[in-house]
Amino acid sequence: MSHKDGKKQTGIERLENAFAVCKAEGRRAVSPFITAGDPDSETTVAILKSISTAGATCCELGVPYSDPIADGAVIQSSYTRALNAGMNLEKMFSIVSEIREACEMPLLAMASYSLIFRSGIEAFVKRGESSGLAGFVVPDLPLEESDELDEQCRRSGLALVRLVTPTTPPERAREIAKRSTGFLYCVSVAGVTGERTALPDGLIDRIKWLRKESNVPILVGFGISSADQAREVATVADGVIVGSAVVRCLEEARDVETMANAAGSFVQELVKSCQVC
Amino acid sequence: MSRVQAESVDQKLSAVPDNFGRFGRFGGRYVPETLSAALNQLEKAYDDAIIDPEFVSELEGLFGAFVGRPTPLLFAERLTEKAGGAQIYFKREDLSHTGAHKINNTLGQALLAMRMGKKRIIAETGAGQHGVATATACARFGLECIVYMGAEDVRRQSPNVRTMKLMGAEVRPVESGSRTLRDAINEAMRDWMATVETTHYIIGSVVGPHPFPRIVRDFQSVIGRETIECCNKLFGRLPDTVVACVGGGSNAAGMFYPFVDFPDVRLVGIEAGGRSSNEGEHAAPLTYGTPGILHGSLSYVLQDLDGQTADVHSVSAGLDYPGVGPEHSYWRDSGRVDYTSVTDSAALDAFDMVAQQEGVLPALETSHALAWAVEAASEMSPEEILVVCMSGRGDKDAAEIARLRGQE
Ligand SMILES: Cc1ncc(COP(=O)(O)O)c(C=O)c1O
């Protein structure tokens, strides 16, 4: 493992490498989302290994939260299952450590700021760094409130991935893009997470515009549920994030092995659809 | 000289929030980016509205002819006698149209929604009073109205569900989580995420992201202003003690805010003490909680060490909430307002006492403040004046109280 020989790479560097590999291979990035601890830690580890093998560029690990206002029914239920099964921050960070040992795939924690704040921002980021996280996506932290977390992430070399949405005015989108590290998360729709049958109108143009304004890769997420949609987005974006569709595909599987395999095949399909040349 | 004055003005407790929605360290705006633009739009619309004489006079007109303001201050003669101490007065928000203070806020916000060109309104409700007040304002102005309400609250506050429907609102029961107020707010926020360009969210208390805590406080402050005016007229002075129940904290904030710069007036907020002080058995974040983030702002909250919101309990649906408005946290930490809690059973006893001694049926929420008031009055002198914010009437609770007693 590269982090064992010589200089330790920062989270941001690991993400940069992962995107560079994609680019060299003529692919767009694929970042699945799964919930930590649904149904348990052991299964989560198995799923992560499987999607890493399937070619995922990086992965968002959803940290279960009791009041996720940005999430639709699929991810809410998944969070509830995980919490009911006893998932907590300590177990979540153990999952991260275990994956850091086993795979190159960078992991980002998708965590509510409520959780980060409660632990203490510095403490939470340090814990993230020492367990081997590459960065954070904090869906309920707007630009104005983010200075402290930003500062801690910079010190630790972890990415703080920011989100732009269809309701973000252009000036603000520029500022958000400028301050995003790792990549920029382009939210495809105004709304909560969840699968949608069609890509929203104007998305492709928005991505093209953002592409010009941003120095970091642009990954598009919220509502992308099929390989076809991923392929369409991949024509203009640097990658796709697929959440609810992955979680739902896991819901349908029954045991650890079938869950890991199901996630693996779905991610493989997405990776294939994001092969651009 | 002028410099000293400027500083003392700045240091006034009432000079909050700042431009970031901070009340001291509390408040702020912790929301998904999707909502940022709408909150900025709301902030601007509000700033414009309050200096627009037309807006101000329209709202005043509604407060008079539609709500029935000013609400009276009633001397609770027999209760005073029974307590045997301070003179107890009720600020009669229960006499407002729709039976609680909530209407002050919903009329103001409905007018704001129309200024922003938004014709669809969503709201959450716990006790159903805010839902009724929102449905009422929407009916008055011809706005579409959808109210999210925890399924448990739909059951225990069913008279209000009927009223909302009669006013033309759609009530959506929320089955997730604890099926109470907190879950109703989650669902309303999720709706708003997808509809934010055409919909205004009329939040029901001084909670949520900036600028809601400020806007709701300002619309509710008519309660405290009228109380001050009335006390000056009746007694030639301010009251000694003012008490209000605290759920999200809107009736209390509306009552307290005009008083905070008068340090001689003691202000007391009463939270829901539930069954006990054990986690999960009460809903008293200012009494037992820690600073944390819930529903878009930093305030005292009941959560576990990881930051997961704790389960709460109160016999009263309107107080059954793990968070509280950020300005209350500011007042708590600055020492300006004292907060304590009253149990379910003490509130139920006060409900009976006030019904039978005064011929006023208080809401179960209000009964928490009343229980404290009777106790406190007994330790005060007869020259002292104690005002209770009678935030709402108790018709909605009659059936649930009968059911609880039937089981006892
Ligand atoms: C009569 C009454 N009082 C008090 C409350 C608690 O809310 P707040 O603390 O915002 O005044 C409610 C809420 O539903 C209520 O209906």
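The values are calculated or read from the model by the stated rules, or taken from the named source; none is laboratory data. Note that this is a predicted model, so its numbers are computed, not measured. Neighbour counts run over all protein chains shown; Cβ positions are idealised from the backbone, glycine included. With ligands, DNA and RNA removed, areas are computed over all heavy atoms of the protein, side chains included. Shrake-Rupley method; radii C 1.70, N 1.55, O 1.52, S 1.80 Å.
Restricting attention to the stretch A:129-139, the residues being within 14 Å of chain B (Cβ to nearest Cβ) and either open to solvent by 20 Å² or more (accessible area, probe 1.4 Å) or in a helix (DSSP H, G or I) (or both) number 1. Do we find that B:A252 is within 14 Å of another protein chain (Cβ to nearest Cβ), of a type in the set (A, V, I, L, M) and within 16 Å of the ligand (Cβ to nearest atom) in this structure? When the stated conditions are applied, B:A252 does not pass them. On inspection, B:G168 qualifies as at pLDDT 95 or above, more than 16 Å from the ligand (Cβ to nearest atom) and in the same structural domain as B:P32 (by TED's automatic domain parsing). For residues that are open to solvent by 20 Å² or more (accessible area, probe 1.4 Å) and within 16 Å of the ligand (Cβ to nearest atom), tally how many sit in the stretch B:301-314. Within the stretch B:301-314, residues that are open to solvent by 20 Å² or more (accessible area, probe 1.4 Å) and within 16 Å of the ligand (Cβ to nearest atom) number 2.
Could you grab me the full set of residues in the stretch A:71-105 that are within 11 Å of chain B (Cβ to nearest Cβ), among the aliphatic types (A, V, I, L, M) and surrounded by fewer than 24 Cβ atoms within 10 Å (Cβ to Cβ)? Within the stretch A:71-105, A:A73, A:L83, A:L89 qualify.
Please state which one of B:G108, B:G99, B:G85, B:G150 is more than 23 Å from the chain's Cα centre (by Cα) and either open to solvent by less than 20 Å² (accessible area, probe 1.4 Å) or in the same structural domain as B:R190 (by TED's automatic domain parsing) (or both). The conditions single out B:G85.
Residues that are in contact with a Leu (Cβ under 7 Å, 6 or more places away or on another chain), aromatic (F, W, Y), surrounded by fewer than 24 Cβ atoms within 10 Å (Cβ to Cβ) and within 21 Å of B:F75 (Cβ to Cβ) within the stretch B:230-286 are absent altogether. For beta carbons closer than 9 Å, sequence separation of 6+ or different chains, a first residue in the stretch B:354-365 that is closer than 9 Å to B:R78 by Cβ and a second that is within 15 Å of the ligand (Cβ to nearest atom), the qualifying pairs are B:E358/B:F90. Determine, yes or no, whether B:E124 is among the acidic types (D, E), out of contact with any His (no Cβ under 6 Å at 6 or more places or on another chain) and within 16 Å of the ligand (Cβ to nearest atom). In short, yes. Taken residue by residue, the stretch B:179-191 has at least one member that is without any contact (Cβ under 8 Å) to a residue 40 or more places away in the chain, more than 14 Å from the ligand (Cβ to nearest atom) and open to solvent by 10 Å² or more (accessible area, probe 1.4 Å). All of B:F66, B:F20 fail the test of being in a loop (DSSP other than H, G, I, E, B) and either within 13 Å of chain A (Cβ to nearest Cβ) or not charged (D, E, K, R) (or both), apart from B:F20. The condition of being within 12 Å of the ligand (Cβ to nearest atom) and either acidic (D, E) or more than 14 Å from chain A (Cβ to nearest Cβ) (or both) holds for only one of B:G84, B:G99, that being B:G99. Using the structure shown, decide if A:I51 is surrounded by 24 or more Cβ atoms within 10 Å (Cβ to Cβ) and away from every other protein chain (no Cβ under 12 Å). For A:I51, the condition - surrounded by 24 or more Cβ atoms within 10 Å (Cβ to Cβ) and away from every other protein chain (no Cβ under 12 Å) - is met. In the set B:A38, B:A45, only one residue is within 14 Å of chain A (Cβ to nearest Cβ) and not aromatic (F, W, Y); that residue is B:A38. The number of residues in the stretch B:147-171 being within 22 Å of B:L62 (Cβ to Cβ) and touching a residue at least 24 places away in the same chain (Cβ under 8 Å) comes to 7.
Among the conditions (1) more than 11 Å from chain B (Cβ to nearest Cβ); (2) closer than 18 Å to A:G243 by Cβ, the only one that A:G194 does not satisfy is (1). The residue pairs whose first member lies in the stretch B:231-242 and is free of Cβ contacts under 8 Å to residues at least 40 places away in the same chain and in the same structural domain as B:P382 (by TED's automatic domain parsing), whose second member is in a loop (DSSP other than H, G, I, E, B) and among the β-branched types (V, I, T), and whose beta carbons are closer than 8 Å, counting only pairs six or more residues apart or on different chains, are B:L238/B:V265. Going residue by residue through the stretch A:134-145, is there one that turns out to be over 15 Å from B:Q308 (Cα atoms) and free of Cβ contacts under 8 Å to residues at least 24 places away in the same chain? So far as the stretch A:134-145 goes, yes, one or more of its residues are over 15 Å from B:Q308 (Cα atoms) and free of Cβ contacts under 8 Å to residues at least 24 places away in the same chain. Here is a check on your reading of the model: is B:S378 surrounded by fewer than 21 Cβ atoms within 10 Å (Cβ to Cβ) and out of contact with any His (no Cβ under 9 Å at 6 or more places or on another chain)? Here the answer is yes, as B:S378 does meet what is asked. Filtering the stretch B:104-129 to residues that are out of contact with any strand residue (DSSP E or B) (no Cβ under 6 Å at 6 or more places or on another chain), in a helix (DSSP H, G or I) and under 22 Å from B:A253 (Cβ atoms) leaves B:N104, B:N105, B:T106, B:L107, B:G108, B:Q109, B:A110, B:L111, B:L112. When you look at A:L219, is it surrounded by 20 or more Cβ atoms within 10 Å (Cβ to Cβ) and under 21 Å from B:Y30 (Cβ atoms), yes or no? Judged against the criteria, A:L219 is not a match. All of (1) buried (at least 19 other Cβ atoms within 10 Å of the Cβ); (2) within 12 Å of chain B (Cβ to nearest Cβ) hold for A:L160 with one exception: (2).
For the stretch A:106-128, give me each residue that is open to solvent by 10 Å² or more (accessible area, probe 1.4 Å) and more than 28 Å from B:G208 (Cβ to Cβ). Listed by number, the residues that qualify are A:K126, A:R127. Residue count for the stretch B:340-366 under the criterion of being open to solvent by 40 Å² or more (accessible area, probe 1.4 Å) and either among the hydrophobic types (A, V, I, L, M, F, W, C) or in contact with a Cys (Cβ under 8 Å, 6 or more places away or on another chain) (or both): the result is 2. In summary, helices (runs of 4 or more DSSP H) completely within the stretch A:18-120 and bearing 1 or more residues that are more than 17 Å from the chain's Cα centre (by Cα) and among the acidic types (D, E) occur at A:41-53, A:89-102. Selection within the stretch A:163-187: residues that are of a type in the set (G, A, S) and more than 11 Å from every other protein chain (Cβ to nearest Cβ). The member of this set that is nearest to A:L210 (Cα to Cα) is A:A177.
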